[in-house]
Every structure is written in C-alpha cells, then in structure tokens.
1. Only one of these conditions is not met by residue 223: (1) in a helix (DSSP H, G or I); (2) out of contact with any Leu (no Cβ under 6 Å at 6 or more places or on another chain). Which number is it?
2. Using the structure shown, decide if residue 370 is assigned to a loop (DSSP other than H, G, I, E, B) and touching a Lys or Arg at 6+ places or on another chain (Cβ under 8 Å).
3. Determine, yes or no, whether residue 176 is of a type in the set (Lys, Arg) and at pLDDT 95 or above.
4. Can residue 41 be described as part of a loop (DSSP other than H, G, I, E, B), assigned by TED's automatic domain parsing to the domain that holds residue 92 and under 21 Å from residue 137 (Cβ atoms)?
5. Before we move on, is residue 290 in the same structural domain as residue 463 (by TED's automatic domain parsing) and over 21 Å from residue 482 (Cα atoms)?
6. Within the bounds of the stretch 20-28, is there any residue that is surrounded by fewer than 18 Cβ atoms within 10 Å (Cβ to Cβ) and of a type in the set (A, V, I, L, M)?
7. Looking at (1) part of a helix (DSSP H, G or I); (2) buried (at least 16 other Cβ atoms within 10 Å of the Cβ), find the lone condition where residue 150 falls short.
8. Select from the stretch 443-481 the residues that are of a type in the set (S, T, N, Q) and in contact with a strand residue (DSSP E or B) (Cβ under 9 Å, 6 or more places away or on another chain) and write down the one among them that is surrounded by the fewest Cβ atoms within 10 Å (Cβ to Cβ).
Amino acid sequence: MINENSALFTIFGATGDLAHRKLYPSLFRLYKKGYINEHFAVIGTARREWTNEYFHEVISDSVKDLVDDPEQLHTFLSHFYYISHNVKDAEHYVELKRLSEELDEKYSLKGNRIFYLAMAPQFFGVIADMLKDKNLLTEEGFNRLIIEKPFGSDLESATKLNEQLRRSFNEDQIYRIDHYLGKEMVQNISAVRFSNMIFEALWNNKYIDNIQVTLSETVGVEDRGDYYDQNGALRDMVQNHVLQILALLVMEPPMSLDGRDIRSEKIKALRSLRLYTTPEEVRRNFVRGQYTSSNEDEKGYREEPKVAADSQTETFVAGKIHVDNFRWAGVPFYIRTGKKMAQKETYIHIQFKHVAMNIFPDEGVEEVAEPNILTIHISPLEGFSLRLNSKRIGQGTEIKNIRMHQIFDEKTQANSPEAYERLLLDSLQGDPTNFTHWEEVEQSWRFIDNIRNAWDELPCDPYEYESGTMGPEASYDLLKEDHFDWIEFNWSPKNGENHSYTNME
C-alpha cells in the first residue's frame, strides 16, 4: 500500500531546463502513483516575471507525454504556484514566507518543507542563509535542502560551500543529488554483490583481474561551452558519477541497507583510493583528451561556442585507479569518460582471472578460452551479461565463448522509476542512502585535486581524438602496459527483437 507524503516543495530555478526536463515530470509521476496527492504544494521561483497561469502552461508542456487524464493534470497543476524572486533580495523572502505559510495551512502540509536549488552553485550559500534568517525553516515539520552538482570546483571551494550550508542546515538535512545514484542498474550493483554468493565470494583480488567503468557520450558540449571550459571531464564526470560507482564496487558489505551503514562503507572505500602525489604518478596513470572534428560539418572542441581557441580543457579522461586495502590490492580499476565518443553507453566490466591451467587445446581452433566477464549495463541498455566458455557442440573439445544476457525491454524500462523520480521520493521519505554525504564529497575532491594540480603543473595539450571514436590512442596504451585491453562489448537483440530474456549465444 502506497502512503501519501506531505510537503511543500520550493524550487529555486523553476524556469530552468532541469526543472522542465526532470523535476516536473518526476513530480507528476509521483502524483499519478499516489506518493503525493492532496497534501502537497510546489512554489516555483526565479527572476522571470511569470504568472501562475503561464507557469501551469510550462508544466503542462513538460509532462504532456505522461498525461492520461486531462482532469488529473488539471488537479495536479492546481498545487503549483509561482513567485518572481531575486535570491539576493531579503525582501523577496518575506513574500516567499507568506505564501509558504498560506499553502501549509491550505494543504495541511504539517510544516514539511523541501527546498530544491536547481540553479548555479554560487547562489547556494546565500539562499541557505536567507532561508534561516527570514524564518522559512519550520519547527514542527522537516526541512530538507536538495542541491545539484557541482559541489565546489576543488576541495577548498567545496569545504567553504559546505560550511556555508551548515550555518543553516545540518548534515542530515542536506541532500546532495547525484542522479546516477538514482539509476536502476547503479542501485543493482549492491544487489548483485551482496545477494549472490557466486559473486560475493569471488569479489576480491584473488579472482578478479581488473574492473573497467565506461561512461561515454556521443554529444559535444552543446550550449554549455562556458561552463564546461572551466571544469572539464575530470570535474564534471569523474569527481561525482565515476567515483560514486567505484565506491559501490569497492565498498565492504554494510551492516544493513540503512543509509548510514551504506554511506559509512562508501566513505571507507573512497578513503582507500591511492592518491597520486606527484605529476609523474599522474602522467603514468591518467590520460586526458580533447575531441577534434572528423569532418567539415562538425566542430572540434576548440571551435565550439564560448570555448577558448587555445583551451587545454579535457573532454575525455581515462585513468587507472588503485585501491589500497586487503580486498583489492593489485587489482587495477580502469575508468574512462568523454564526449563525442563512438557510442552513448554506461557500463561496468568485471573481468575475472583465467583458470590456473587450461587443459583445452587452443591451436588451430577459431576460439580459445576467454576470461569470464560480468557486465552491468547501466544505460541506455539496462541489465546484465555474463561471458562464459563452453564446449562447442559436436565432436572434439573445441571451446566456444557464450554470453548469457538479462536485458530489460523497453516496457520494463518505461515502467521503472526515472532517476529523479526515485531521488525526489527518497528526499520526501527522508532516506539519504542514494545521496552523497559530505565526507564522500571531501574524499572525492581530495583524489581529484591531485590529478588536476599535476595537470596544471605540467601544462601540455591534451591528446587529440576524432569525434566518433572511443578516445585517444594513449588511453589504450594505459591498459596495454598491464597487458589488458578495453573490453568493447556491444549487445543488441536479434532480428529487431526488444524484450527481456536470458539467452545463450
């Protein structure tokens, strides 16, 4: 049975792209499923002079593909209110407080308030201060602050920002959102590890050769050139998404699924990452690249709008990460992420070691015994695959490589909650499990800062790679030094099929 949640959502940056693409559709899905119903309200705020009516039109457009019943949409929209607001103007918070109290009484919200900061990080501190100083935080209900990345640009700025927020909110009230933690298959990492003895017993350096994490995009920087040129792939993707996935792969079994237990193990995992303390160590273990055009009809990174013509900002990062603990000593974790790559995919390959002695002949046969590989497909495919060796049917002892798949079909994926939907519901229910704790942020920046500082100390152009490839050749050399290769594994249904099944090829 679904229990209705009550809260007042105040969305700062309500006219922005994030609110339109993610927040309004996610709230509507929660409404349709009954997680919010009669006892909720949303205040949208931004500098633009919108009316409630126009605000409703914008929301209607954002959820149009989800509407089954126009009357249901009309009722949903009646819970939304807009107020023009300058976040730096103290007087505007007086009007925001008045409207908040009016809606609290109208919808019986019990003083429960969620403040979502869907705007630039430089405003986070001033908004948090104003919310406390102007008495928008209630005594009788809960007060929760949801903030988007980036959380700082280095450890120093992140620490300063955290100190600002902690003047008004304690750590238990701050929900640092990383939408990758809301993805179905990222949340499945722990389920695969801790509910299957076949994997948990082998999840260590005795049986695993290496682990590879790939987050590749086919798009360029689009209209984010000014933001991206100040950050690059290392800060934009590795500091948050990649290291969060790594923490789930590395961490020890938690005492329970309680958010505090899981966060505690993730913090320990991030602390165990080896810090590269010299430019030479960084050079040996990390590669940065920058995309160039592959034809006359597209632009290379330095030709993109709002990007410096001599920019050294990386659009691609590949790295080898060492985990210094008993479980993982000696196992390399390879990560790569970039823009304008050959395919849009996020996946994890866990490559197991070869058998100690292969008794099957490999001379003159088409296939030889390959290492077992467990793949976790995160997006756009969702599911698992396992690569095994078996005897080819017929006479002889020839080996055949087979893959067992469980790939979720479009219908299953469509019925699965979207990442922001999951995380908004978690914030409503006070579950911090899939949000980032400050100590996780702190350890992540500590790791990233060493790499960034080394690159700044050794200024040189990133390696170039053509759009539509999987990165510069140097990223392949990084693995070849350890006698490994990037595992390129594409799965697609046969004959246009698209359904959930387990298959042995």
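1. (1)
2. Working: assigned to a loop (DSSP other than H, G, I, E, B): yes; touching a Lys or Arg at 6+ places or on another chain (Cβ under 8 Å): yes.
Against the criterion (assigned to a loop (DSSP other than H, G, I, E, B) and touching a Lys or Arg at 6+ places or on another chain (Cβ under 8 Å)), residue 370 qualifies.
3. Values: of a type in the set (Lys, Arg): yes; at pLDDT 95 or above: yes.
So residue 176 passes the test.
4. Values: part of a loop (DSSP other than H, G, I, E, B): no; assigned by TED's automatic domain parsing to the domain that holds residue 92: yes; under 21 Å from residue 137 (Cβ atoms): yes.
No: the conditions fail for residue 41.
5. On the way: in the same structural domain as residue 463 (by TED's automatic domain parsing): yes; over 21 Å from residue 482 (Cα atoms): yes.
Yes.
6. At the first step, the residues of the stretch 20-28 found to be surrounded by fewer than 18 Cβ atoms within 10 Å (Cβ to Cβ) are 20-21.
Next cut, of a type in the set (A, V, I, L, M) only: none.
No, every residue in the stretch 20-28 fails to be surrounded by fewer than 18 Cβ atoms within 10 Å (Cβ to Cβ) and of a type in the set (A, V, I, L, M).
7. (1)
8. To start, the set of residues in the stretch 443-481 that are of a type in the set (S, T, N, Q) comprises 443-444, 450, 453, 467, 469, 475.
Applying the additional criterion that residues be in contact with a strand residue (DSSP E or B) (Cβ under 9 Å, 6 or more places away or on another chain) yields 443-444, 467, 469, 475.
Working: 443: 23, 444: 24, 467: 20, 469: 17, 475: 23.
Only one residue tops the list, namely 469.
The values are calculated or read from the model by the stated rules, or taken from the named source; none is laboratory data. As the structure is a prediction and not an experimental result, all values here were calculated from the model. Cβ coordinates were reconstructed from backbone atoms using ideal geometry, including for glycine residues, and neighbour counts include every protein chain displayed.
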